[in-house]
Amino acid sequence: MSDLTEDQIRSDLDSILERRSAGTRLTTMGAGSDDLDDGRRYLATTVDGGWHVPTWPQQHGGRGASPSQNALIGRLLREFVVPDLYPFAIGLGMVGPALLAHGTETQQDEWLRPIASGASIWCQMFSEPEAGSDLANVALKADQDGEEWVLSGQKTWTSRAMWADWAICLARTDPDQPKHKGLTMFSLPIDTPGVEVRPLTQMNRDAHFSEVFVSDARVLDSWRIGERGEGWRVAMTVLAHERAGGGSRGGGDGNARGVRVPGWISDLQALGVAEEQVWRDEVSKIYAHDSVSRWTSQRAADEARATGVPGPAGSGAKLRTVKSYKDRAYLTNRSGGSYGMLSEGPGYIETMTAPSMSIRGGTDEIQRNILGERVLGLPGEPRLDRDAPWRESRRGLL
Amino acid sequence: MTEATGVDELVTETADRLFTQICDHESVQNAEAAGAAPEIWSAFAETGFPWISIDEDRGGSGGTLLDALEVLRLVGYHAAPIPAAETGVLGGWLLASSGHEIPAGPVTVLPNGNNITASVSGDQMTLAGTCTRVPWARIAERIAVLVEVDGQSMVASVNPKDCVIQPMTNMAGEPRDTVCFDGAIAPASPCVAGVNPESFRFRGALSRAALMAGAIEKMSQLTVTYTNDRIQFGRPVARFQAVQQHLVWGAQEAALARMAAETAGREANRGPAFFEIAAAKLITNQAAARATKACHQAHGAMGMTQEYPLHHYSRRLWSWRKEYGGDAEWSKWLGNAAVSQGAEGLYALVTGGSSVLS
Ligand SMILES: Cc1cc2nc3c(=O)[nH]c(=O)nc-3n(C[C@H](O)[C@H](O)[C@H](O)COP(=O)(O)OP(=O)(O)OC[C@H]3O[C@@H](n4cnc5c(N)ncnc54)[C@H](O)[C@@H]3O)c2cc1C
């Protein structure tokens, strides 16, 4: 598709989407909301134009856009009401790109378009009770049985599992290989017999993540993503896209056209705290940091598009983005004075969600380890388990 | 007031043992869902702990303010879902210092006497207006309402049945109800000297500092235990230096908060302690912010679930931080105090505290 001008894009979007006004407020990352309909409607509306995932091929719900065209569309979309796409984020931001990189043609044909149109929701079954930061310690096993695989084990913290149609599931196929080598990635319909989803309630009262128990669940070999033993490589693609925030376009604090002051600042103004010098200082600091975060994320995303693989810049972007979220949440919550103590107070749900931002998608510490090792070239942590068979190393060699 | 040098050790031991028995993760969780914990309250009341520091001849349990604050520290430490501060050092104190009877059940107070109007005729007070964020009003037997009428501080002992109470909660799910007085009539009498809205506000802040010191300490201990048990990359995560930094933050904030709260308590037990209390509330507020960040981060996803107890403490701390004065309010107060002494007086203020101000 040839590149469109800014005005052409805006007028095409105008015909299908509503403009954002200064008063538009949306939830961020699903906090406190169980709404699927807004996102589904938006994706169904934008899929024919390929507006939400412009770089994907047209037949899969994109428009084959160049990196620069994609960046422009992303910027212009911020002028429109794009709902919080939290329920759809794994498919749009992580599974989609991973399928484009590692999936077969049949898999792409079957799965990409429903992701782009909002018809199917995906979740990410990576973490396990003993595999959090140490993701390569995954124990859920998959044994081949002819044209099928039999999966057994337990996942945890699986966000969106109770909404999902499909899961992308990291499994151990060869326990005698070292931990990173014996893994394989599968797609798993969540209604497969033997899969049981048990929601866990978070302290913000959302029940958005679950434990998933898998016993003798059968999946087709044609649902395997990448080769047997290549699961870690596929997982790294997924995680790199997660850090780079590929799924998070939409929702949050975009600006109406011509409106410079972000919504969270107008809210503070309405509360009357913006007059005080100390508060103004804090607000301005966060605003500045926010802007840098956005540019860092954009740069990371551009870099990823140019090279085809998101790099360690995504870790820097994630660190900054979550710091912004947390700072805004805590400031808004405190700005309500003693009203801020109430569960109806300003910034309540954000404050209750804030700590998780530095944990989900890889903790701050892990992001810094990545930056230290891959950007600064600092010596890595001692890893005795790199070459030992996982069967021996899983409980620790130290 | 008697000058005590320390806390009665028996108080610490008995209260800690009691709360260990009756306040486990589940009972605290259930109390949040139910909006009250009658069994925890009765076990607590049976020991007489709610009325420590109120003279026995006034219907209290005797003991010093230091003992009462020690109990509050343990209430915070165990996240005990009961109106301990309201019944004793705040409400009980108000009732006792104005000659009212101390009821057998829980008492509450109005942390911010906002929008309340009172008219007195004889020994009756008629109240109007609505007060928000009233702790545990829904289970209180009396609301001790402190108001100034013609320059005289008076306390009315209001029966909550004469009010309309709308249940609300703080971030930790503890009751912070809206109370509408709407013409409630209650017996009222003047307070002894020194008991007034200002000293009440400071006493409220002191009670929260004690609660917060306890909660921070518990959070810090939970985090040390959890990170020593949690294995990733073949070793306890507590062996990672990045995690150890979080543990040190938790521990040092716990020590700082306790030191500040205890210093303020000691001074308050002796006489006016405005400066120490203001400092203690600000210090515990900020310690709470840093400690909750560090402890949550070290826990990973586990700390975000309702199934694991960390949130009992972190959510209480976020709430208590804003009660009886947030950071801005006490910073301003301390700033004004410092400015009032001038450059020459600053050292004397920092070392001498409230004795210099009064
Ligand atoms: C809201 C939420 C949603 C989530 N959704 C999903 C999901 O959809 N799918 C999914 O698979 N997972 C999900 N997760 C799980 C998430 O990926 C993990 O929580 C995360 O990787 C951290 O693992 P952990 O919680 O086990 O913490 P741990 O790994 O136990 O970490 C505990 C602490 O130790 C630190 N630490 C660990 N290793 C090191 C090290 N080498 N160096 C320095 N510090 C270290 C950590 O930084 C942390 O501070 C979600 C988590 C949350 C909170």
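Nothing in this text is a laboratory measurement; each read-out follows from the coordinates by a stated rule. The structure displayed is predicted, hence computed values, not measured ones. For neighbour counting, all protein chains shown are included, and Cβ atoms are generated from backbone atoms with ideal geometry for every residue, glycine included.
If you fit an axis through the alpha-carbon atoms of helix A:231-243 and take the longest principal axis of the Cα set of chain A, what angle between them do you get, 0 to 90°, nearest 10?
That helix lies at roughly 10 degrees to the long axis.
Counting only C-alpha contacts under 8 Å and six or more residues apart, can you give the relative contact order of region B:104-192 as a whole percent?
33 percent
Strictly over 23 Å apart at the Cα level, which of A:Lys318/B:Lys281; A:Lys318/B:Lys218; B:Lys281/B:Lys332; A:Lys179/B:Lys293; A:Lys285/B:Lys218; A:Lys323/B:Lys332 would you flag in this model?
Violating the 23 Å Cα-Cα cut-off are A:Lys318/B:Lys281; A:Lys318/B:Lys218; A:Lys179/B:Lys293; A:Lys285/B:Lys218; A:Lys323/B:Lys332.
I'd like the orientation of helix A:105-117 relative to chain A: the angle between its Cα long axis and the longest Cα principal axis, in ° from 0 to 90, rounded to 10.
Taking Cα atoms only, the helix is inclined about 30 degrees.
Aspartates and glutamates within cross-link reach of B:Lys161: Cα-Cα under 17 Å, excluding same-chain residues under 8 positions apart?
Within reach: B:Glu141, B:Asp177, B:Asp182.
What percent does the relative contact order of region A:1-69 come to when contacts are Cα pairs within less than 8 Å and at least six residues apart?
Relative contact order of region A:1-69: 27 percent.
Bin width 10 Å, origin at 0, all Cα-Cα pairs of the protein assembly as shown: what percent of pairs per bin?
Pairs per bin, as whole percents: 3, 13, 21, 22, 17, 12, 8, 3, 0, 0.
Can you pull out the GluC sites (Glu not before Pro) in region A:125-172 that DSSP calls coil and that have at most 12 other Cβ atoms within 10 Å?
When the GluC sites (Glu not before Pro) of region A:125-172 are filtered for loop state and at most 12 Cβ neighbours within 10 Å, A:Glu147 remain.
So for region B:75-229, taking the charge dipole from beta-carbon charges (+1 Lys/Arg, -1 Asp/Glu), which of B:Val149, B:Pro160, B:Ala205 sits furthest toward the positive end?
My answer, from the dipole projection, is B:Ala205.
Would you give the gap between the C-alpha center of region B:267-343 and the C-alpha center of region B:143-184, rounded to a whole Å?
Centre-to-centre distance over Cα atoms comes out at 25 Å.
List the chymotrypsin sites (Phe, Trp or Tyr not before Pro) within region B:208-298 that fall in a DSSP loop (any state other than H, G, I, E or B) and whose Cβ has at most 15 other Cβ atoms within 10 Å.
none
Testing the spin-label approximation: label points 7 Å from Cα along Cα→Cβ at B:Val356 and A:Asp143. State their distance in nm.
Going from the B:Val356 label point to the A:Asp143 one covers 7.6 nm.
Amide H to amide H, which residues 5 or more places from A:Phe80 or on other chains are under 5 Å from it, using H placed in the peptide plane?
Excluding prolines and chain starts, which carry no amide H, the hits are A:Arg20.
Using the charge dipole of region B:1-82 (Lys, Arg: +1 at Cβ; Asp, Glu: -1 at Cβ; taken about the Cα centre), state which of B:Gly59, B:Gly76, B:Gly48 has its Cα farthest towards the positive end.
Highest projection toward the positive end goes to B:Gly76.
Quick check: pseudo-label points 7 Å beyond the Cα along Cα→Cβ at A:Ala119 and A:Glu373, how many nm apart are they?
Roughly 4.1 nm, to one decimal.
Given a cut-off of under 8 Å on Cα pairs at least six residues apart, what relative contact order in percent is computed for region A:324-398?
Computed value for region A:324-398: 19 percent relative contact order.
Per-residue mean of other chain beta-carbon atoms within 10 angstrom of the beta-carbon, peptide A:341-350?
What the average comes to for A:341-350 is 5.
Considering only A:Gly74, A:Thr28, A:Gly50, whose Cα is most displaced toward the positive end of the charge dipole of region A:9-120, charges sitting on Cβ of Lys, Arg (+1) and Asp, Glu (-1)?
A:Gly74
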